[in-house]
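Encoded as structure tokens, the structure appears first; notes follow it.
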Amino acid sequence: MKETFRLKTLHHQGENRCDLAFLSMAEAEKIRCYHATFPMYEPTPLVSLEDTARELGLGSIYVKDESRRFGLNAFKVLGGSYAIGHYLADKLGVPAESISSGMLTSPETKRLLGDITFITATDGNHGRGVAWTATQVGMRSVVYMPKGSAKERLNNIIAAGADASITEVNYDDTVRLARAHAEKNGWVLVQDTSWEGYEEIPRRIMQGYCTMGLEALEQMPEKPTHVFLQAGVGSMAGAVAGLLASAYGEERPKVIIVEPNKADCIFRTAEADDGTLRCVGGDMDTIMAGLACGEPCSLAWDILRYCADHFVSCPDYVAAKGMRILGNPAGKDQRIISGESGASAFGCAAEIMTNPQLAWMRDALELNEHVRVLFFSTEGDTDKANYRAIVWDGRYSAE
């Protein structure tokens, strides 16, 4: 398929028609309190790129750098750790608000719970977070990755304590494989997408991501006018968009969802705008491995349908551009190491601002020298060889 830029705008009328209670500021505070009980917790930095903003023709740019999260180089552990913690609290019969890392890692808890195996499918970061959390609480984890996954990401998951392997099928079929093995073996599936009858754990994963969103809102020196969010199945984007709507109500910033052309299931769902989820099949061979998901999370779409304004499907080269700019920003701006998925939304915005052929999109998104834009760099260089090939050698440059 020819790679190009496509834009779909949803015009919201009246109040949100979705349940935001589980993504409220009050809930986010409770979830952040849980994460703060882990000894390695500290808020990740919010970086202001003043010189880069001027270079791109934007008023302000803020980037939340999730490469610093729990020493795991990505934000995903927030979702898996909260979902597992909540699941174990339910098994113990205690309120979720009372759980802490100390409680979950105690020998008494392990004695009461016995052996539990958690299983998931992942492009890399989510599986590493699940493996890390399972190891922290003394449980077993099994992680499956889709074909073509980077060996470094597999090794990182194994190092975190999981029995991990790469399958011969794409991401969505790998999810189905993990689901089948969970049902067959009595294991606990910890997946960040939902379907009929499987919503509780995906909901908790989305809630876990609220810690990242809450930190960013507290760190922002000014209210953002625009927030760009990259999406795979959409759980992170849905969580942050829902939190923004809860925090600001009708005065919320414009939310722009970014996906690769080769895996733009949420864009296609928005484009149809008929209440039916749209899927993408095949290999989805985008460099944005963490976004190579063909089936949207229904819970996330229920939020994005009313809390996101614009949906963008973009070429792969924008992720590479984002990686290069963040790694080599203008002037005295702080350098940010961002991976293919982590830099995708930023790269998309940078291309829109610098490509004369995209002036129509710049106007549609109302991007100019007065706006304040927030981005989430959701991962660092989780595949170091590919990072260097892109940033050092110029792989995946625009034609």
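Would you pick out the residues in region 21-76 that are on the phi < 0 side of the Ramachandran plot, crowded, with 19+ Cβ neighbours inside 10 Å and assigned to a helix (DSSP H, G or I)?
Result: Leu23, Ala28, Ile31, Arg32, Tyr34, His35, Thr52, Ala53, Leu56, Glu66, Ser67, Arg69.
Output the number of residues of region 148-163 satisfying the condition of being within 18 Å of Gln136 (Cα to Cα) and of a type in the set (Asp, Glu).
Counting residues in region 148-163 that are within 18 Å of Gln136 (Cα to Cα) and of a type in the set (Asp, Glu) gives 1.
Scan region 153-175 residue by residue and report those that are among the charged types (D, E, K, R), surrounded by 16 or more Cβ atoms within 10 Å (Cβ to Cβ) and more than 25 Å from Trp195 (Cα to Cα).
Selection gives Arg153 alone.
Got a number for residues in region 124-150 being in a helix (DSSP H, G or I) and over 19 Å from Ser67 (Cα atoms)?
3
From the list Lys223, Lys184, pick out the single residue that is outside the structural domain of Asp173 (by TED's automatic domain parsing), surrounded by fewer than 16 Cβ atoms within 10 Å (Cβ to Cβ) and either closer than 19 Å to Ser377 by Cβ or out of contact with any helix residue (DSSP H, G or I) (no Cβ under 7 Å at 6 or more places or on another chain) (or both).
Of Lys223, Lys184, the one residue that is outside the structural domain of Asp173 (by TED's automatic domain parsing), surrounded by fewer than 16 Cβ atoms within 10 Å (Cβ to Cβ) and either closer than 19 Å to Ser377 by Cβ or out of contact with any helix residue (DSSP H, G or I) (no Cβ under 7 Å at 6 or more places or on another chain) (or both) is Lys223.
What are the residues in region 60-117 that are touching a Gly at 6+ places or on another chain (Cβ under 6 Å) and in contact (Cβ under 8 Å) with a residue 60 or more places away in the chain, if any?
Ser67, Asn73, Lys76, Leu78, Gly79, Gly80, Tyr82, Ile99
Which residues, counting only those in region 376-398, are assigned to a loop (DSSP other than H, G, I, E, B) and either assigned by TED's automatic domain parsing to the domain that holds Pro315 or over 28 Å from Val255 (Cα atoms) (or both)?
Thr378, Gly380, Asp381, Thr382, Asp383, Trp392, Asp393, Gly394, Arg395
Return the residues of region 92-133 that are of a type in the set (Lys, Arg) and at pLDDT below 95; say none if nothing qualifies.
Passing the criteria: Lys110, Arg111.
Could you tell me whether region 370-389 includes any residue that is farther than 14 Å from Ile61 by Cβ, buried (at least 22 other Cβ atoms within 10 Å of the Cβ) and of a type in the set (A, V, I, L, M)?
no
Could you tell me how many of the residues in region 160-195 are outside any helix (DSSP H, G or I), free of Cβ contacts under 8 Å to residues at least 24 places away in the same chain and among the acidic types (Asp, Glu)?
The qualifying residues number 2.
Does region 209-250 hold any residues that are within 15 Å of the chain's Cα centre (by Cα) and farther than 14 Å from Lys64 by Cβ, and which are they?
Correct list: Ala231, Gly232, Val233, Gly234, Ser235, Gly238, Ala241, Gly242.
Exactly one of (1) of a type outside the set (Gly, Ala, Ser); (2) within 21 Å of Val258 (Cα to Cα); (3) modelled with pLDDT of 95 or more is unmet by Asn185. Its number?
(2)
Would it be correct to say that Glu250 is out of contact with any Pro (no Cβ under 9 Å at 6 or more places or on another chain) and at pLDDT below 95?
For Glu250, the condition - out of contact with any Pro (no Cβ under 9 Å at 6 or more places or on another chain) and at pLDDT below 95 - is met.
Trp360 passes all but one of (1) over 24 Å from the mean Cα position of the chain (by Cα); (2) assigned to a helix (DSSP H, G or I); (3) under 29 Å from Arg128 (Cα atoms); which number fails?
Every condition holds for Trp360 apart from (3).
Inside region 161-187, can you point out the residues that are touching a Leu at 6+ places or on another chain (Cβ under 8 Å) and among the aliphatic types (A, V, I, L, M)?
Once the filter is applied, which keeps residues that are touching a Leu at 6+ places or on another chain (Cβ under 8 Å) and among the aliphatic types (A, V, I, L, M), region 161-187 yields Ala164, Ile166, Val169, Ala178, Ala182.
Could you grab me the full set of residues in region 79-118 that are within 27 Å of the chain's Cα centre (by Cα), more than 26 Å from Gly213 (Cα to Cα) and among the aliphatic types (A, V, I, L, M)?
Selection gives Ile116 alone.
Among (1) surrounded by fewer than 17 Cβ atoms within 10 Å (Cβ to Cβ); (2) at pLDDT 95 or above, where does Tyr82 come up short?
All conditions are met except number (1).
Please pick out the residue among Ala319, Ala272, Ala349 that is of a type in the set (A, V, I, L, M) and either surrounded by fewer than 21 Cβ atoms within 10 Å (Cβ to Cβ) or farther than 29 Å from Asp381 by Cβ (or both).
Just one listed residue meets the conditions, Ala272.
The values are calculated or read from the model by the stated rules, or taken from the named source; none is laboratory data. Bear in mind the structure is a predicted one, so any value in this text is a computation, not a measurement. So basically every Cβ, Gly included, is an ideal-geometry build from the backbone, and we count neighbours across all protein chains shown.
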